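None of the figures in this text is laboratory data; all of them are computed from the coordinates on show. Small disclaimer: the values here were computed from a predicted structure and weren't measured. A quick note on method: Cβ atoms are made from the backbone with ideal geometry, for glycine too, and the neighbour counts reach across all protein chains shown.
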Amino acid sequence: MRVRATLYSPDELIYDKDFELDLLNAIVALSNFVIIPAMSYGAQLALGALGVTLIYGILRFSNFAHGDTMAFGAMVTVLVTWLFQSWGISLGPLPTALLALPFGILGCMALLLATDRVVYRFYRAQKAKPVIFVIVSLGVTFILNGLVRFIIGPDDQRFLDGERFIISARTFKEITGLREGLAFKTTQGITILTAVIVVALLFWFLNRTRTGKSMRAYSDNEDLALLSGINPERVVRVTWLIVAGLATIAGVLYGLDKSFKPFTYFQLLLPIFASAIVGGLGNPLGAIAGGFVIAFSEVTVTYAWKKVVTYVVPEDMAPDTLVQLLSTDYKLAVSFVILLIVLLVKPTGLFAGKAV
Amino acid sequence: MSSDPYSDRGNKDLSLGNPKGMGTATPVKQGGKSYPSAGGPFLIGENMTGGYGAGPDILHDCTIAVDRGEIAVIVGPNGAGKSTGMKAVFGMLNLREGHVKLDGEDITQLSPQDRVAKGMGFVPQTSNIFTSMTVEENLEMGAFIRTDDISGTMAQIYDLFPILKEKRLQAAGELSGGQRQQVAVGRALMTQPKVLMLDEPTAGVSPIVMDELFDRIIEVARTGIPILMVEQNARQALEIADKGYVLVQGRNAYTGTGKELLADPEVRKSFLGG
Ligand SMILES: Nc1ncnc2c1ncn2[C@@H]1O[C@H](COP(=O)(O)OP(=O)(O)O)[C@@H](O)[C@H]1O
Ligand SMILES: [Mg+2]
């Protein structure tokens, strides 16, 4: 270990705090490669899962079109971002996409209200059973899928601008003198901050406002809500509007953090549903917890632990493999396995949702 | 497999759908108009014929009514259509024939929400509280259509049912049967209705609680709210009734004052156990 210490700074040879330093380096590496990425991915999943869980709780079906709803909202945001960029409008260090986000949300709201009007309302009037809605939503998925690719194309689109890092790995190393750098991307910071704000707003809305309570009442007992003078169509509309907001925000944050590609949103459906089910479908708190459970599992299982392990264990025990449980190509399998385990062992999810 | 394409196939998978709390009513559509129709009792479902959705008729030319300052009681065997009659009066299902009139207006075409706004309050027989919401939220939801200050009414409900005040922050689903019924009645009273409809308010509660609930209901009636009530405990209910209806197979079998029905040998033999 002493030998390795020479690599970074000769005078550090003098101190005999190698192990502490190694531990610190291990923690920094862990934060850099696991904790921070998983936090922001978890926040994105949580926002997606909240949308799914709201629809499940209030409109009573699992909305398979949610991934593509996110893609649509994000697409509108991307297009408006490009427009703003061409006009030379920017937010300085922050991504211009944040300025375009409200337009994306509006576009997504219009889309969802239109879909409800044209498609779902008919089935609601028939009192169709939830499973029919699920299949209908699958049809909507395909249409949205095609629509998004038709408008923006199937390829990766970049729309991120502004400052890339809040703290870059190099700055961190310079400040701390540690060997490992800790990068904190602007998009990660924005993701976590936005998620906290959105979740706080949503819970305030559902628990404190009249409309929010009427949505919970409708979710609890439709007939009694009707008897109390609550307008079911209004509840449905407000739900779609909120879901549009959540889906667009989740989609844009994901797009900023990774990149915008229509197909990845369809793939996101699995981890999002896994999050919602792990937390307990229909339970908003569960959706958030589930998002982080899935994100942390996915990142830890697919992370190559070699570096962190090398810092922590004695020199002669340092691994010569990557210590990676699963290649990142298989990251979707993680959600799938967790989903299976939860459905087998505790189908109501960690926070006792509605599924039995 | 059923012939109805929107029925129950493949609905056991709760990770796909959430049937709990799903509506069963096929209510009168929104946007209907009411029009003046003078005369008659305060609230009447007149010559009602109809059933659930496209299903068979359950009610056949059935009439139930309650007038100002009265308690009207509907009794009859299980499956007679008592609950169906109440729902029909409230617009929770479509009538094929007949009218519903309230306070000199024909409201047959009004949706349930509009009937709430007209001053009708209804406590259904089953699922009559929001189980996942607190007692206080249940009462708030009862007052959903009101835009004025509801704290006065809520205080009145807490006076009427003191136990609810104690439990106001508890989820209504965690309460005992009798307390749930109090929540249900309280919720319906929150709109300050002009007429109250109760479907078996004493179902599933102990005899002591039942007497207590009856007392409370009479107390409400004394405040001037007419009450139309379905009751299993026919004898006790008819004793306090100004008007009684015996329904059999969706039809009016006997109608009269509470005392008349209690005295009628036919009614006694068939419905009051001799
Ligand atoms: N939601 C419903 N859909 C279809 N049929 C129903 C429904 N509810 C009740 N029925 C039928 O209507 C008839 C009358 O039921 P109900 O009005 O509940 O009787 P009661 O309240 O007098 O016991 C019964 O034959 C019952 O099967
Ligand atoms: Mg009944």
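Per-structure values
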{"read-out": "Among B:Val185, B:Val73, B:Val209: highest mean-square fluctuation, GNM of chain B, C-alpha pairs under 10 Å", "value": "B:Val209"}
{"read-out": "Cα-centred dipole magnitude for region A:19-345, charges only on beta-carbon of K, R (+1) and D, E (-1), debye, nearest 20", "value": "1160"}
{"read-out": "For the protein assembly as shown, alpha-carbon Rg and Dmax in angstrom", "value": "30.9, 111"}
{"read-out": "Most positive-pole-ward Cα, A:Ile338, A:Val312, A:Leu285, against dipole of region A:198-342 from beta carbon charges", "value": "A:Leu285"}
{"read-out": "Most mobile of B:Ala54, B:Ala184, B:Ala237 in a GNM of chain B (Cα contacts under 10 Å)", "value": "B:Ala54"}
{"read-out": "Net +/- balance of residues flanking A:Leu30 in space, Cβ distance below 15 Å, scoring K and R +1, D and E -1", "value": "+1"}
{"read-out": "Mean ellipticity per residue at 222 nm, deg cm²/dmol - from DSSP H runs of n ≥ 4 across chain B, formula -39500 (n - 2.57)", "value": "-8500 deg cm²/dmol"}
{"read-out": "Folded to 0 to 90 degrees: helix A:130-152 orientation relative to chain A principal axis, Cα", "value": "60"}
{"read-out": "Rounded tilt (10° steps) of A:331-345 against the dominant C-alpha axis of chain A", "value": "60"}
{"read-out": "In degrees, nearest ten, helix A:66-87 long axis to first principal axis of chain A (Cα)", "value": "70"}
{"read-out": "Highest-MSF residue in chain B out of B:Ile71, B:Ile217, B:Ile208 [GNM, Cα springs under 10 Å]", "value": "B:Ile208"}
{"read-out": "Ascending count of other beta-carbon atoms within 10 Å, so fewest first, for A:Val199, A:Val76", "value": "A:Val199, A:Val76"}
{"read-out": "Cβ-defined net charge surrounding B:Arg216, 13 Å radius [Lys, Arg +1; Asp, Glu -1]", "value": "-4"}
{"read-out": "Charge tally in the Cβ shell below 12 Å around A:Lys213, where Lys, Arg are +1 and Asp, Glu are -1, A:Lys213 excluded", "value": "-1"}
{"read-out": "Options B:Ser132, B:Thr147, B:Gly98, ranked by Cα towards positive dipole end of region B:51-149, top entry (Cβ charges)", "value": "B:Gly98"}
{"read-out": "Pair B:Arg68, A:Phe19: separation of 7 Å Cα→Cβ label points (nm)", "value": "9.2"}
{"read-out": "Lysine pairs with alpha-carbon atoms under 27 Å apart, chain A, spacing 8 or more or separate chains", "value": "26"}
